Ligand SMILES: [Zn+2]
Ligand SMILES: [Zn+2]
């Protein structure tokens with residue numbers, strides 16, 4: 001444990017990325033199994049000790065220290081674990097300091113109720129730095145400025161491997177990674193991955209910005225606004241992974257249960273609805289399900305989810321990733337034909353004559369679930385991460401409308417002295433203004449001061465914290481989409497509205513009509 | 001008569017030479033001979049009446065004597081005796097062994113006037129041998145660079161060098177120009193520091209593999225650019241807290257303090273058991289709370305102008 005504690009401390013004080021990599025690599029080479037494997041897991045964020053929560057540390061502190069002295073110390077140090085580690089008295093015990101593996105075994109074997117006392121016994125066997133490392137290890141929050149990627153890079157460098165090769169097998173292995181170290185030290189072959197469903201790193205896109213591509217070299221498809229997902233199935237098990245490689249199978253059991261193929265595919269999780277992507281509300285519902293261990297039948301019924309497939313990484317056991325996009329697309333289409341169409345469909349290609357035509361189609365796209373256009377090089381293999389020149393994302397221009405400010409409310413935090421939240425409306429059929437949205441961003445500090453003064457000098461009524469203003473100021477509002485809403489009197493709601501310009505030049509009568517916005521519903 | 005007054009006064013008793021205790025411009029100063037020498041070095045020819053440890057004199061019917069505080073060379077606690085009542089003013093003190101100054105002497109008293117610079121239970125200074133070991137290990141791991149140690153020019157710097165010698169390090173130690181005279185003064189008072197070489201003006205090659213001691217303010221200064229691939233170390237009790245060390249861009253924190261840590265502060269109170277304790281500066285709130293929990297009568301004075309960040 002002392003070696004690990006020294007590593008943690010050194011990482012705290014080391015700023016250079018290369019120096020951090022060297023420190024970790026040296027530690028991993030010098031430390032025996034399984035300690036180094038647990039340490040690697042702790043650094044990469046894959047160590048999870050279910051019996052210890054942050055509350056266990058507070059409980060330990062409350063039991064031993066005067067609450068006032070503890071609070072003064074905690075305020076000074078700024079970190080609970082460090083405070084406890086420093087306040088804890090050094091014990092003269094005959095017992096040797098525990099190894100990392102012993103700590104993990106003891107904590108995994110205990111219950112949540114017994115964890116604080118097990119932790120306390122371990123604390124008694126360590127010095128201040130060891131206690132700090134122990135508490136960080138036990139709660140899983142190392143906070144030493146190490147990303148999972150950096151930890152893997154350090155492992156790869158330490159054993160002369162390529163980090164992409166390590167990344168490839170990483171997700172199939174579990175701490176303490178004995179097979180990984182055996183492979184690294186040349187004592188064993190690369191770990192055998194057959195028969196396990198695990199995560200492969202996603203291929204990601206660069207923004208296109210102002211670039212132009214040749215559509216004979218690039219295929220275009222819609223970029224869907226759901227949750228990017230990977231499905232890996234071996235025939236005996238099917239697992240779902242999110243962008244970062246976290247397993248989310250339990251959150252979407254209906255997808256795992258209905259996926260009948262064998263292989264690995266890349267797609268977007270969406271909610272079935274009027275616009276084949278659902279509204280903002282359904283997107284939120286998806287997000288909320290992500291972190292769940294179980295979902296109710298009611299949740300599954302309310303927002304029926306499906307996967308729109310983008311790509312295929314494995315067809316059966318055959319690795320497709322070295323093939324060009326065109327060939328993979330061909331295999332994906334055949335693969336998808338065998339799946340349940342209610343749960344799985346293909347992301348359609350956009351048929352455009354040329355780039356200008358594509359721009360036109362992109363501008364006309366109104367579906368809320370469309371975030372923009374993806375451009376994929378037809379001959380590009382499927383590569384981990386963001387590689388230059390292969391995939392581009394071309395986000396949709398926001399929609400805009402001219403609206404009239406109706407109500408204003410004070411902001412929060414450092415804006416609490418300003419009227420910075422605005423409700424605005426458009427003209428209804430009968431010539432009255434109907435609220436269509438609310439925005440509190442998009443303007444500069446100077447504009448905010450001007451808006452605040454406008455609100456204060458044009459107030460016509462007050463309702464608690466809300467001021468109603470003279471309906472004279474036109475705001476140009478940008479938003480990503482419009483959808484129907486029963487909650488608003490206007491019958492519509494905007495997605496991500498923000499103020500794009502103050503139109504002090506424009507008379508309020510010339511602002512847009514609700515009908516114009518309704519025509520933008522995708 | 002004042003003790004460690006923060007402004008110039010006619011008659012001052014001075015516990016030790018640190019700037020927050022020993023101001024310049026007093027009329028008459030009573031202090032240990034070492035402290036007077038330090039004040040003379042810092043403020044020019046400042047005269048005073050030397051009072052060696054253990055000696056005393058009388059003023060206005062009060063018997064005044066000086067006793068070792070273990071803080072820096074010449075540092076003293078001041079004992080005031082009047083009508084059978086004994087008041088001790090610790091000034092800054094520590095209880096650990098320090099080869100550069102006389103060890104703290106516990107003095108029985110009725111009223112204890114104590115410091116509390118590190119008066120929080122998180123401050124438990126580790127054994128200095130461990131910290132010196134870390135310094136030497138880092139130096140050995142960087143044969144092509146150097147380790148630059150930020151250390152307060154009066155006391156800390158000399159203690160770090162003396163402890164390096166005690167650990168068997170006999171290579172020359174490079175020092176910042178601002179430390180030369182104080183090191184000479186220590187040598188003149190019988191504290192041997194081994195071979196010291198001014199770092200200023202040396203080529204990078206000559207500093208490789210070396211240990212450089214400099215005032216903390218020089219660490220992030222242009223001065224440090226002349227050093228070959230320096231690892232920045234800092235010797236201070238504040239280095240115990242990671243965030244404090246990181247704020248100062250320290251890569252090798254050395255928890256070496258010339259002040260009493262929490263256990264020494266509270267241990268001294270338990271040992272002396274004064275009927276009353278006044279806490280002058282530092283974490284007066286926390287030490288006061290501890291006294292309350294141990295049913296010791298205590299009062300926080302919160303004197304202004306004490307506590308120098310780098311002196312810890
Ligand atoms: Zn001092
Ligand atoms: Zn002081």
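Quick one: would you say residue B:81 is more than 16 Å from ligand 2 (Cβ to nearest atom), away from every other protein chain (no Cβ under 14 Å), surrounded by 15 or more Cβ atoms within 10 Å (Cβ to Cβ) and within 23 Å of the chain's Cα centre (by Cα)?
No, not satisfied.
From B:8, B:12, B:22, which residue is over 15 Å from residue B:105 (Cβ atoms) and touching a helix residue (DSSP H, G or I) at 6+ places or on another chain (Cβ under 8 Å)?
B:22
I'd like the full set of residues that are over 22 Å from residue A:328 (Cα atoms) and buried (at least 21 other Cβ atoms within 10 Å of the Cβ), limited to region A:192-239.
Correct list: A:225, A:226.
Do you know which residues across region A:421-436 are under 12 Å from residue A:490 (Cα atoms) and touching a helix residue (DSSP H, G or I) at 6+ places or on another chain (Cβ under 9 Å)?
A:425, A:426, A:427, A:428, A:429, A:433, A:434, A:436
Looking only at region B:290-299, count every residue that is within 13 Å of chain A (Cβ to nearest Cβ) and outside any loop (DSSP other than H, G, I, E, B) and tell me the total.
4
Let me confirm something: among B:40, B:10, B:31, B:22, which residue is free of Cβ contacts under 8 Å to residues at least 40 places away in the same chain, within 16 Å of ligand 1 (Cβ to nearest atom) and away from chain A (no Cβ under 14 Å)?
B:22
Any chance you could count how many residues in region B:125-159 are within 16 Å of ligand 1 (Cβ to nearest atom) and either under 17 Å from residue B:197 (Cβ atoms) or in contact with a strand residue (DSSP E or B) (Cβ under 9 Å, 6 or more places away or on another chain) (or both)?
Final tally of qualifying residues: 7.
From the residues in region B:240-272 that are over 18 Å from residue A:69 (Cβ atoms), within 17 Å of the chain's Cα centre (by Cα) and away from chain A (no Cβ under 11 Å), which one is surrounded by the most Cβ atoms within 10 Å (Cβ to Cβ)?
That would be B:258.
Only one of these is out of contact with any helix residue (DSSP H, G or I) (no Cβ under 7 Å at 6 or more places or on another chain), buried (at least 21 other Cβ atoms within 10 Å of the Cβ) and away from chain B (no Cβ under 14 Å): A:56, A:41. Name it.
A:41
Consider region A:99-125. How many of its residues are part of a loop (DSSP other than H, G, I, E, B) and touching a helix residue (DSSP H, G or I) at 6+ places or on another chain (Cβ under 6 Å)?
2
Can you work out which of the residues in region B:102-130 that are outside any loop (DSSP other than H, G, I, E, B), closer than 30 Å to residue B:170 by Cα and more than 12 Å from every other protein chain (Cβ to nearest Cβ) is farthest from the chain's Cα centre (by Cα)?
Checked region B:102-130; the qualifying residue farthest from the chain's Cα centre (by Cα) is B:129.
Scanning region B:160-177 for residues that are assigned to a helix (DSSP H, G or I) and touching a strand residue (DSSP E or B) at 6+ places or on another chain (Cβ under 8 Å), which turns out surrounded by the fewest Cβ atoms within 10 Å (Cβ to Cβ)?
Across region B:160-177, the extreme among qualifying residues is B:177.
Got a number for residues in region B:209-239 being closer than 18 Å to residue B:161 by Cα and more than 26 Å from the chain's Cα centre (by Cα)?
1
Looking only at residues that are in a helix (DSSP H, G or I) and surrounded by fewer than 20 Cβ atoms within 10 Å (Cβ to Cβ) in region A:169-183, which one is modelled with the lowest pLDDT?
A:169
Can you pull out the residues in region B:162-178 that are within 18 Å of the chain's Cα centre (by Cα) and within 18 Å of residue B:256 (Cβ to Cβ)?
Residues satisfying the conditions are B:162, B:163, B:164.
All but one of (1) within 16 Å of ligand 2 (Cβ to nearest atom); (2) at pLDDT 95 or above hold for residue B:42; state the number of the condition that does not hold.
With respect to (1) within 16 Å of ligand 2 (Cβ to nearest atom); (2) at pLDDT 95 or above, residue B:42 is out only on (2).
Condition test on residue B:133, is it more than 16 Å from ligand 2 (Cβ to nearest atom) and outside any loop (DSSP other than H, G, I, E, B)?
Spelling it out, residue B:133 is indeed more than 16 Å from ligand 2 (Cβ to nearest atom) and outside any loop (DSSP other than H, G, I, E, B).
Across region A:76-97, which residue is farthest from residue A:119 (Cα to Cα) among those that are at the interface with chain B (Cβ under 10 Å from one of its Cβ atoms), within 34 Å of the chain's Cα centre (by Cα) and modelled with pLDDT of 90 or more?
A:76
Given (1) within 21 Å of residue A:307 (Cα to Cα); (2) surrounded by fewer than 16 Cβ atoms within 10 Å (Cβ to Cβ), where does residue A:413 come up short, assuming only one miss?
Every condition holds for residue A:413 apart from (1).
Anything in region A:395-443 that is under 16 Å from residue A:517 (Cβ atoms), at pLDDT below 90 and under 27 Å from the mean Cα position of the chain (by Cα)? List them, or say none.
A:398, A:399
Has region B:43-65 got at least one residue that is under 30 Å from residue B:125 (Cβ atoms), within 16 Å of ligand 1 (Cβ to nearest atom) and without any contact (Cβ under 8 Å) to a residue 60 or more places away in the chain?
Scanning region B:43-65 turns up no residue that is under 30 Å from residue B:125 (Cβ atoms), within 16 Å of ligand 1 (Cβ to nearest atom) and without any contact (Cβ under 8 Å) to a residue 60 or more places away in the chain.
Restricting attention to helices (runs of 4 or more DSSP H) lying wholly within region B:188-289, give those where 3 or more residues are in contact (Cβ under 8 Å) with a residue 12 or more places away in the chain.
Because the criterion is at least 3 residues that are in contact (Cβ under 8 Å) with a residue 12 or more places away in the chain, the helices (runs of 4 or more DSSP H) in region B:188-289 that meet it are B:204-207, B:216-219, B:262-272.
What single numbered condition from (1) within 14 Å of another protein chain (Cβ to nearest Cβ); (2) touching a helix residue (DSSP H, G or I) at 6+ places or on another chain (Cβ under 8 Å); (3) under 27 Å from residue A:245 (Cα atoms) fails to hold for residue A:18?
The single condition residue A:18 does not satisfy is (2).
Could you please let me know if residue B:265 is within 16 Å of ligand 1 (Cβ to nearest atom), at pLDDT 95 or above and not assigned by TED's automatic domain parsing to the domain that holds residue B:202?
Answer is yes for this residue.
Among the listed residues B:237, B:190, which satisfies the condition of being closer than 22 Å to residue B:98 by Cβ, within 14 Å of another protein chain (Cβ to nearest Cβ) and at pLDDT 95 or above?
Testing whether each residue is closer than 22 Å to residue B:98 by Cβ, within 14 Å of another protein chain (Cβ to nearest Cβ) and at pLDDT 95 or above leaves just B:237.
The values are calculated or read from the model by the stated rules, or taken from the named source; none is laboratory data. Quantities reported herein were computed from a predicted structural model and do not represent experimental measurements. Methodologically, a virtual Cβ is constructed for each residue, glycine included, from the backbone with ideal geometry; neighbour enumeration extends over all protein chains shown.
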